[in-house]
Every structure is written in structure tokens, then in C-alpha cells.
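J.: Below: one structure in C-alpha cells.
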Amino acid sequence: MKNTNEMELVFDSRPVNEGFARVSVAAFMTQLNPTLEEVSDVKTAVSEAVTNALIHGYDGKVKKIMIRCWIEGQTLYVEIRDEGKGIENVEKAMEPLFTTRPELDRSGMGFAFMEAFMDNVYVESELGKGTLVRMKKTIGKGRELWTTQSL
């Protein structure tokens with residue numbers, strides 16, 4: 001049987017909760033024995049997705065952000081959902097340097113960072129209904145496991 005586990009988190013869309021969200025996901029993934037780099041990658045991706053929900057989805061209004069994580073084998077799956085205004089053109093929004101909020105000094109690199117730090121990123125959005133960001137990362141791939149036989 002595969003190693004499986006799941007957690008869900010619902011929190012207010014307040015900027016102070018962005019750190020809470022990324023630390024919570026990082027704590028959940030520790031059961032996979034990740035490297036510091038893998039933890040940092042996931043924390044960055046979660047931070048970017050939550051920040052997008054705060055700034056673009058809700059325009060600073062206090063509503064709810066939902067995170068669902070699960071593990072299958074050595075793979076971490078993360079879903080971050082808001083019920084905000086949605087993204088008019090997901091393909092355009094995912095282009096590096098594209099931003100709808102230049103007045104807030106937004107770099108337009110959120111989705112690019114998510115794609116750089118995770119194995120897969122998929123975005124679903126519907127105007128007036130919200131956005132769902134799905135991300136996946138296999139932990140430990142490319143890492144050689146030492147055994148007494150390999151010494």
C-alpha cells in the first residue's frame with residue numbers, strides 16, 4: 001500500500017496568514033524527509049499562490065483561502081483555492097512579467113516561480129467564481145539513498 005496522508009486548511013485572506021500557510025504546508029511535508037531546498041521550493045510556491053489570492057483574487061477583502069495537501073508515495077500535491085474574482089485569461093496571467101497590478105509593484109513572476117519550484121502547476125479559474133492552483137512535487141527524486149551495502 002502506498003504511503004498516503006491528507007490535510008486541509010481554511011484561513012482568512014489576511015496578509016499575515018501567508019506565512020502561516022507556507023509554514024503549515026512545510027510542516028506537513030516533513031514526513032517525506034525533504035531536503036532544505038525542497039522545503040524552500042514548496043514554501044516559495046505556496047507563498048506565491050496565496051499572495052495571488054490575497055492581491056488579485058480578493059483585492060484585499062477578507063474572505064477565505066483553502067489549502068488542501070496530500071501525499072501519495074513520495075509526491076506532495078498542493079491545491080490552493082480562493083473564491084475571488086477569477087482570472088480572465090489564465091494563459092496570459094501565467095506569462096512571466098505579466099501583472100494586472102503594476103501600481104502595487106507586482107513583478108508578474110508568481111506563476112513563473114511556482115512553475116520553477118514545483119514539478120507541475122495547473123491553474124483553473126472562472127470569472128466571478130475564483131481560482132484553483134494545483135501543484136505537485138516529488139520529494140527525493142535524484143537523491144541517492146545510502147545503504148550499508150553502498151558504503
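The values are calculated or read from the model by the stated rules, or taken from the named source; none is laboratory data. Note that this is a predicted model, so its numbers are computed, not measured. Ideal geometry is used to build each Cβ from the backbone, glycine not excepted, and the neighbour counts take in all protein chains shown. Just the protein is used for accessible areas: all its heavy atoms, side chains included, with ligands, DNA and RNA removed. Shrake-Rupley method; radii C 1.70, N 1.55, O 1.52, S 1.80 Å.
J.: Where residues in region 57-89 are surrounded by fewer than 18 Cβ atoms within 10 Å (Cβ to Cβ) and among the small types (Gly, Ala, Ser), which of them is modelled with the lowest pLDDT?
T.: Only one residue fits best here, namely Gly60.
J.: Which count do you get for residues in region 5-56 that are open to solvent by 80 Å² or more (accessible area, probe 1.4 Å) and touching a strand residue (DSSP E or B) at 6+ places or on another chain (Cβ under 7 Å)?
T.: Here the count works out to 5.
J.: Follow-up. Which ones in region 90-149 are modelled with pLDDT of 75 or more, farther than 26 Å from Ile71 by Cβ and touching a His at 6+ places or on another chain (Cβ under 9 Å)?
T.: Passing the criteria: only Ala93.
J.: Using the structure shown, decide if Ile71 is out of contact with any Gly (no Cβ under 9 Å at 6 or more places or on another chain), touching a residue at least 24 places away in the same chain (Cβ under 8 Å), among the hydrophobic types (A, V, I, L, M, F, W, C) and under 16 Å from Val123 (Cβ atoms).
T.: So Ile71 fails the test.
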